[in-house]
Structure formats: C-alpha cells, structure tokens
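Notes follow the structure.
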Amino acid sequence: MLGGSRLGVFRWTPGSVKLLLSPRQSRGISRYCLTEEEYQQFEKDLVELTKDSPKVQVASIRFKKVMGKVGNSIASSVREIVVDVLSEAAKKALWG
C-alpha cells in the first residue's frame, strides 16, 4: 500500500479507473465509457465501497451495473485496480 494507508492508495486509483471509464478520456472507445453523470456516481460509489457502512449494499449494486455495461475486459481491469482498497463488506457484496 502506498504510504501505508488505504486512503493513500485510493487517491491514486481514480486516475487509473478514469482512464478506463471516463467520457473525457475515452479516445475512441465510447461504447465502453460512461456518461458524465454515471461516472460521477461511480466515483461516489467507489468512496462508499472503501468504507464499512450501510451504503455499501446500494453502492455495490450500482458498481455491478456499471461493470456490466463496460464489458468483461474493462471490468476485470477495474477490479484489479480497486480490489486492494475496497472494504471487506464491499468485496463480499461484489464477489461473494
């Protein structure tokens, strides 16, 4: 972990995820990218998924919906990026 904290790692993560999903960064792969509103909600959901809170369940449902929309290769890449910063409750809700 960067700097020994989850939060330090998480600050790095959105940039990597944004390269895969953001409408502004799509560069010709628009079928994989999200609308600006979807991406903003996705960013909020990622923050919730790093916490152990009641919002994890709702955020995990929206996360799964986005991953279904972007396709397997991008979903797999996003999972590799975020898996180390997600709370245990979020990991269980997302991947069992």
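Take the range 32-71 and flag every residue that is within 10 Å of the chain's Cα centre (by Cα), among the hydroxyl-bearing types (Ser, Thr, Tyr) and more than 16 Å from LYS92 (Cβ to Cβ).
Within the range 32-71, just TYR39 meets the criteria.
Take the conditions of a type in the set (Asp, Glu) and at pLDDT 85 or above and apply them to ASP84. Does it pass?
no
Tell me which residues, restricted to the range 66-91, are in a helix (DSSP H, G or I), touching a residue at least 24 places away in the same chain (Cβ under 8 Å) and surrounded by 15 or more Cβ atoms within 10 Å (Cβ to Cβ).
VAL66, LYS69, VAL70, ILE74, SER77, VAL78, ILE81, VAL82, ALA89, ALA90
Part of a helix (DSSP H, G or I), of a type in the set (Phe, Trp, Tyr), surrounded by 14 or more Cβ atoms within 10 Å (Cβ to Cβ) and modelled with pLDDT under 85, is that true of TYR39?
It is true that TYR39 is part of a helix (DSSP H, G or I), of a type in the set (Phe, Trp, Tyr), surrounded by 14 or more Cβ atoms within 10 Å (Cβ to Cβ) and modelled with pLDDT under 85.
The values are calculated or read from the model by the stated rules, or taken from the named source; none is laboratory data. Keep in mind the model is a prediction, meaning the values are calculated, not measured. Glycine also receives a Cβ, built like all others from the backbone with ideal geometry; neighbour counts cover every protein chain displayed.
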